[in-house]
Amino acid sequence: MLELTRFFVALQDLFLKMTSSSAADTSIDQLKSRIQQRQAQVGIIGLGYVGLPLALLYSEQKFPVTGFDIDQRKVEALAKGSSYIYRITAEEIQAAKAHGFSATFDYSQLTAMDAIIICVPTPLNEYHEPDLSFITNTTHAIAPYLRAGQLVVLESTTYPGTTEEVMVPILESENKNGLKAARDGAVSGKEFFVAFSPEREDPGNTTVARRDIPKVVGGLNLQAAELACALYGSIFSRTVPVSSPAVAEMTKLLENIYRCVNIALVNELKLLCLRMGIDIWEVIGAASTKPFGFHPFYPGPGLGGHCIPVDPFYLSWKAKEWDFRTRFIELAGEINTNMPYHVLASVSSALNRHKKSVNGARILILGVAYKKDIDDLRESPALTIIELLQKEGAQVSYHDPYFPFIGKGRKYDLQMKCSEMEHLEQYDCILIVTDHSDYDYARIVHEAQLVVDTRNATRGIKSSKIVHC
Ligand SMILES: NC(=O)c1ccc[n+]([C@@H]2O[C@H](COP(=O)([O-])OP(=O)(O)OC[C@H]3O[C@@H](n4cnc5c(N)ncnc54)[C@H](O)[C@@H]3O)[C@@H](O)[C@H]2O)c1
């Protein structure tokens, strides 16, 4: 009799598992079909350099898209149909709005979303450690509105383990319906799906369309990976599924550390070449003719942007938990951080040749964006260079077509207004920090007293006024 009871209980258990698992399967199939038919509601959290273009890509593909941001000015600008990112036109915003795109700071609208993609900042704190507060704040804000069957994807660059160790526990413990993240094993129909998929964009690079940059996707389980691949497959030409969120997180860091370390290498070789009287740019050009095994990287006044100066330290911080020192990252960081000081020394020695000192010199900096032809000032070496020159007593002005004004940022407070590109002869030194395409370098050299060039922007121009640095 006991055996029979046990048999029926086991049968009932199996039946429950089968029905709930097929319910879960149905909800996955439904979401996939909604994605295929462009009916899935896509919510993008963080409408900055990454989130806004992503929202527009989904909108172009006729998905109903809602953007979420805590920055009221951004939400209001989008409501008016205007843009706050240079390379995104107001027409693009208006076209998206015509397709139903809207922006809000009301998180309760998240419940209506089928997929939620998080694109919030991941900076370093004052001790050069990861500042995950934007990710955790966002996750705390999402949790109360989570519902079963939703897909949550993190795109922000971060150390391996963030999705699974930081985000998932908050979502699981703070949602109101006892939902769990779908993992391998039995499903109850009370799951949500989680994945990590890094943003790999190269701002200002027009050689590869954003949709042609393969999208790496790591799901917490197979179904999450499948759903995330379906979601991204509708706007990207190719998705690259990997076995876990941690692998996808580490992939992004490998890519950026590879860049950081190689830039440090050419920066160091540049310093040596300058001493030896060899043109590093000519060397890189010649080495680049090798059809295999060499990828060119270029020296500059220091690293900038939200990614390369920041991301490697996410890994070196995490590595300490494993009693491991990431020496390549530290060495690269040391060399790259030193480059603005090298620029200061070069300006000083160039002025010295003209029997002038930095103290009291009028210096015009050309280009303050962290790289050519973009409107992004974050971590720009120009900011450090301005501060270093000012500390030495220089009267610093700047020109940049992308920045009429430099106000206050996380680490600076300059309050400077963009100068005109007039009467260049009035400056003791013109310092090229960012080689925007808009500049007429021949004219600049012709009119200037002295040009210090950190980017080889004056290549091809012969003049004793030019000092390469
Ligand atoms: N900019 C790039 O080219 C690039 C490239 C690859 C990866 N990334 C990574 O993508 C992530 C986002 O970078 P970004 O350049 O778009 O940053 P960003 O600063 O331009 O945009 C982030 C947005 O998130 C918003 N935000 C912050 N907290 C929020 C919250 N709790 N809820 C809603 N919105 C919130 C901010 O107001 C801002 O609008 C970062 O992790 C970055 O490392 C950036």
Checking Ala181 against (1) among the hydrophobic types (A, V, I, L, M, F, W, C); (2) under 23 Å from Arg238 (Cα atoms); (3) crowded, with 19+ Cβ neighbours inside 10 Å, the condition it does not meet = (2)
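Listed here are the residues, each with its yes/no results for (1) buried (at least 16 other Cβ atoms within 10 Å of the Cβ); (2) part of a helix (DSSP H, G or I); (3) small (Gly, Ala, Ser).
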{"position": "Ile374", "(1), (2), (3)": "yes, no, no"}
{"position": "Ala382", "(1), (2), (3)": "yes, yes, yes"}
{"position": "Thr434", "(1), (2), (3)": "yes, no, no"}
{"position": "Val445", "(1), (2), (3)": "yes, yes, no"}
{"position": "Val467", "(1), (2), (3)": "yes, no, no"}
For region 288-309, how many residues are under 29 Å from the mean Cα position of the chain (by Cα) and without any contact (Cβ under 8 Å) to a residue 12 or more places away in the chain?
-> 4
Cross-chain or 6+ apart pairs with Cβ under 6 Å, region 41-52 first and among the β-branched types (Val, Ile, Thr), then outside any loop (DSSP other than H, G, I, E, B) and within 6 Å of the ligand (Cβ to nearest atom) = Ile44/Gly51; Ile45/Phe68; Ile45/Thr138
From the option list Phe196, Phe192, single residue qualifying as within 16 Å of the ligand (Cβ to nearest atom) and either surrounded by 18 or more Cβ atoms within 10 Å (Cβ to Cβ) or within 28 Å of Ser27 (Cβ to Cβ) (or both) is Phe196
Check whether at least one residue in region 350-369 is hydroxyl-bearing (Ser, Thr, Tyr) and surrounded by 15 or more Cβ atoms within 10 Å (Cβ to Cβ), and report yes or no.
-> no
Within region 386-417, the residues that are closer than 19 Å to Val452 by Cα, over 23 Å from the mean Cα position of the chain (by Cα) and part of a loop (DSSP other than H, G, I, E, B) are Glu392, Gly393, Ala394
Residue hits (region 370-422; over 18 Å from Gly304 (Cβ atoms) and either in contact (Cβ under 8 Å) with a residue 24 or more places away in the chain or within 16 Å of the ligand (Cβ to nearest atom) (or both)) are Glu392, Gly393, Ala394, Gln395, Ser397, Ser419
Could you please let me know if Ala79 is more than 14 Å from the ligand (Cβ to nearest atom) and over 24 Å from Gly219 (Cα atoms)?
-> yes
By residue number, the members of region 83-107 that are in a loop (DSSP other than H, G, I, E, B) and within 30 Å of Tyr314 (Cα to Cα) are Tyr84, Ile85, Tyr86, Arg87, Ile88, Phe105
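A quick yes/no check of all residues on (1) within 14 Å of the ligand (Cβ to nearest atom); (2) more than 14 Å from Leu171 (Cβ to Cβ):
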{"site": "Thr111", "(1), (2)": "no, no"}
{"site": "Ile118", "(1), (2)": "yes, no"}
{"site": "Glu129", "(1), (2)": "no, yes"}
{"site": "Leu146", "(1), (2)": "no, no"}
{"site": "Val153", "(1), (2)": "yes, no"}
{"site": "Thr158", "(1), (2)": "yes, yes"}
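The numbers here are math on the coordinates, done by the rules we state, and not lab data. Since the model is a prediction, treat every value here as computed from it, not as a measurement. Cβ atoms come from the backbone with ideal geometry, glycine included; neighbour counts cover every protein chain shown.
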